[in-house]
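Beneath this line is the structure, given in structure tokens, with notes to follow.
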Amino acid sequence: MFKWRTDDFSWVDFTIDVLRVIIVLGVVIGAWNTLSSGRISLAQWVNLFAAGLSQGSIYALIALGYTLVYGILLMINFAHGEVFMAGAFSTVFLAEALNRTGFLNAQPLLAILLMIAFAGLVSMSVAILLERIAYRPLRGSPRLVPLITAIGASFFLQYTFRGLYGSGFKAYPGVNALQGAIEIGGISIPVVQVFVFCAAIFLMLCLYWLVERTRVGKAMRAVSENKEVARLMGIDIDWVIMFTFGVGGFLAGSAGVINGLFRPQGVNFYMGFIPGIKAFTAAVLGGIGNIPGAMLGGLFLGVIEAIGPNLVLAGLGIPGANQLKDVIAFTMLVLVLIFRPQGILGERLSETKA
Amino acid sequence: MKRLCLVFTVLGLLVVFSVPAFAQDGCMDALGCVEIASDDPVVIGAMLSVSGATSFYGEDSLGGIELAISGRDGMLLGREITLVVEDSLCSAEGGQAAAQRIAADETIVGAIGTTCSGAAQGAMPIISEAGMVMISSSNTSPSLTNDDTEAGGTYMPGYFRTAHNDLFQGAMGAQFAVEVLKAGAVATIHDGDPYTEGLAVVMANTFAGLGGDVVFQGAVSKGDTDMSAILTEIAASAPDVVYLPVFVPESEFLVSQAANTPGLEDAVMMTADGSFSATFAQNTGAAAVGVAMTGPHVSGDAYSAFLDLWAEEQPGGTDAPPSGFHAHAYDAANILMDAVEAVAEEADDGTVLVGRQALRDAIAAVENYDGLTGSLTCQDESPYAGDCATGTALAVFEITEPQVNDGEWPPPIVWDLSMSMAMSEG
């Protein structure tokens, strides 16, 4: 680890090592100060952790869309946050209707499945159209071109949906069956958080099964390995790429509904921007292009965000620690890029695929 | 060579002929005049947040301005009115960019805006140095009308507003918490915006001055959805009142998640006009019942007529104003247009000259103006320099079931200045 001790001394390694020591010291001192002050009880820490896991599982679902597309096209689909917004924003109207008729509280599971299916379909269509109209014509052009297009597409989608549904904020209705909390050994965890976590994990397992155990999954892996050879094997590459966008879109749409159950407010045309960036961070954190990596990165980011400000920043005596939640998230991104550019579970994609 | 000569000749002729235009012989104003030729429209600028997450505030004000213009049949000084809308976003950079475009357009007589106090900080120096006026319908940060730079003041001449100064609103929140809620401990949350931060600070200082304890002062960021970390920390300091003058949707997330935070069951949530919209109660759901909010209290027959007109003309395609500053924008636009009318001087050739300094003076001289938002008097002394609202159009509202379930708005008023004992000193 400490390369600068050997004969080939390098200032870069030295600086990075100093940075490492400072960060570890800061985290240890901050955590020690907070924990020894006893300001926050064990039950409260568990609550924060549980909320972080739920938030993280939503990040993970969105992050999968980034990672699937990157794995197959080596391109960052920066409009993916807007694909999430499309599903979440459209389904809020369905949720309101289901709530008005009483169906939502009479058959909560069925209603939620219906909402997830609807949101998934909307987001899937948006993602597929995006691929067909904005990205396919640019395939084979320099990598910066689709990236800029993605940013443009992101604005286009935002303002299209503002035109469709207006600029005000909406909220998902509350589901009675998800109110209340589960008591485990004196610690209460809200039912909705347990549901959100389980639903997200279930969807991720489905995806894993799809990619690893089915024919189309095999085709996706083949295309991501080598497009030309896959084409020679008789795989319809355009179709597989469209399918991949569709799957990523479906996951983002369902994340929109799950997010709506967990944090009902704040539904508007701009809601995809921050989750999109956070999910991108999660994908890079886990190792972009790597499916279990995106899941792990999402959960990790959610938990760090929930616990970090109170544990480390407040312990270091930084004022307004909670305002710096995003700073923690993006500092993690920078640190990963410095110390482990391939991400937690990532392979060196740049070498194997470029 | 011949061609070059020709070009120079033409250029020279142009300069010679345009000298009278620059000299403006008719204009005696210290800051120059806006010259409107006989067949040109009167151009009014607007710097509003019309894109991004805060766009509905901008659309709210824009609707008010459009109704003020259509209230005059779109005519001023016998000419058509043209409205130029620039997007000032909700940031200093956005305000700066919008102000540069407004200032570069010599036909604009004055501007309404900005939407956010942060944007005003970027826009004000440019508008002021260009000799123009800006009247904001929704800036409420105290620093904007304070000229003491050491105290964080940023006032520059040419700035006016019809929105109330947060020195009124924050103090009112504190008085309500002490006198009505009998609160002894308060926690405040802002989101880093000068508006919310100023409000939180004024509230905390007034509260402490009235003998209360400020037990927590913290902040969230715009775009946060998970408030569990800050709410856990607030619960640890056990306040009676949590004052969260932030915008929607952060206030919605805070209030709904506070209801599920152990230790905050009995604390009263208080918010301010950044959350003053019908959707706040509906989106927050059951947790919103009992939330107290300070906000613009506009009422009366003129205002009802205004709302009817809005429903009829539907500016921006909405049946009802999306937020609470449309009436302030209506008053701001009318004050500007009245002032333009008062100072305009018509020359023999039909050209109208509007003196820039004269326009500023005319707005500053507004006294007991009978607007939708009550009686307006523009002041010129810091910390109220440019403040036209007197703070009387404010009240404390409390959200009840009908606001949450049926979308009734506004909520019932539980307190206003006439009920206050301490306001006479403030």
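Please treat every number below as a calculation from the coordinates, not as lab data. Treat the numbers as computed from the prediction; the structure is a model and nothing was measured. Ideal geometry is used to build each Cβ from the backbone, glycine not excepted, and the neighbour counts take in all protein chains shown.
Structure summary
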{"item": "DSSP-loop GluC sites (Glu not before Pro) across region B:332-372, with at most 16 other Cβ within 10 angstrom", "result": "B:E367"}
{"item": "Calculated log₁₀ intensity ratio I(q)/I(0) where the Debye formula runs over C-alpha points of region B:39-147, q = 0.10, 0.14, 0.16, 0.21 Å⁻¹", "result": "-0.26, -0.50, -0.65, -1.06"}
{"item": "Mean ellipticity per residue at 222 nm, deg cm²/dmol - from DSSP H runs of n ≥ 4 across chain B, formula -39500 (n - 2.57)", "result": "-12000 deg cm²/dmol"}
{"item": "Sum of side-chain charges, B:D331 neighbourhood, beta-carbon under 15 Å (Lys, Arg +1; Asp, Glu -1)", "result": "-4"}
{"item": "Span from the region B:95-118 Cα centroid across to the region B:37-71 one, whole angstrom", "result": "11 Å"}
{"item": "Peptide B:42-53, shielding by other chains (average Cβ, 10 Å cutoff)", "result": "2"}
{"item": "For chain B: relative contact order, % (alpha-carbon pairs under 8 angstrom, 6 or more apart)", "result": "18 percent"}
{"item": "Under DSSP loop assignment and at most 14 Cβ neighbours within 10 Å, longest chymotrypsin sites (Phe, Trp or Tyr not before Pro)-free interval of chain A", "result": "A:10-354"}
{"item": "For chain A: relative contact order, % (alpha-carbon pairs under 8 angstrom, 6 or more apart)", "result": "33 percent"}
{"item": "Pairwise centroid distance, computed over Cα atoms, of region A:188-227 with region A:48-112, Å", "result": "14 Å"}
{"item": "Shape category assigned to region A:13-160 from the gyration tensor of Cα positions, a/c cut at 1.5", "result": "oblate"}
{"item": "Top of B:T232, B:T107, B:T377 by mean-square fluctuation, Gaussian network on chain B, Cα under 10 Å", "result": "B:T232"}
{"item": "Peptide B:213-224 - average C-beta neighbours from other chains (10 Å radius)", "result": "4"}
{"item": "Which of A:V223, A:S254, A:A51, positive extreme of dipole for region A:51-353 (C-beta unit charges)", "result": "A:V223"}
{"item": "Solution diffusion estimate, µm²/s, Stokes-Einstein, region A:209-354, Kirkwood Rh from C-alpha pairs, 25 °C, viscosity 0.890 mPa s", "result": "141 µm²/s"}
{"item": "Residue with peak Gaussian network fluctuation, chain B [Cα springs, cutoff 10 Å], from B:S49, B:S275, B:S237", "result": "B:S237"}
{"item": "Per DSSP, loop trypsin sites (Lys or Arg not before Pro) in region A:262-354 with at most 12 further Cβ within 10 Å", "result": "A:R348"}
{"item": "Lysine pair number, Cα distance threshold 23 Å (strictly under), region A:51-353, separation 8 or more or different chains", "result": "5"}
{"item": "Principal axis dimensions, chain B - Cα atoms, whole angstrom, descending", "result": "86, 46, 41"}
{"item": "The protein assembly as shown: radius of gyration over Cα atoms, expressed as a fraction of 2.2 N^0.38 Å", "result": "1.05"}
{"item": "Under the Karplus curve 6.51 cos²θ - 1.76 cosθ + 1.60, θ = phi - 60°, whole-Hz ³J(HN,Hα) for region A:322-332, x wherever Gly or Pro sits", "result": "6, 6, 9, 4, 5, 4, 4, 4, 7, 5, 4"}
{"item": "Debye intensity ratio I(q)/I(0), log10, region B:304-405, q values 0.10, 0.20 Å⁻¹ (C-alpha model)", "result": "-0.42, -1.10"}
{"item": "Inter-chain Cβ neighbour average for residues A:312-323, partner chain, 10 Å", "result": "4"}
{"item": "Measure of compaction for chain A (Cα Rg per 2.2 N^0.38 Å)", "result": "1.05"}
{"item": "Helix runs (DSSP H) in chain B reaching 20 Å along axis by Cα, Kyte-Doolittle at least 0.0", "result": "B:2-23, B:55-70, B:194-209, B:326-343"}
{"item": "Hydrodynamic radius of region B:200-351 per Kirkwood, over alpha carbon pairs, in Å", "result": "18.5 Å"}
{"item": "Spatial extent of region A:171-281: Rg and Dmax, with the Cα atoms as the point set, Å", "result": "18.6, 61"}
{"item": "Sorted peptide list for A:94-102, B:277-285, B:90-98, A:50-58, criterion being average Cβ within 10 angstrom, highest first", "result": "A:50-58, B:277-285, B:90-98, A:94-102"}
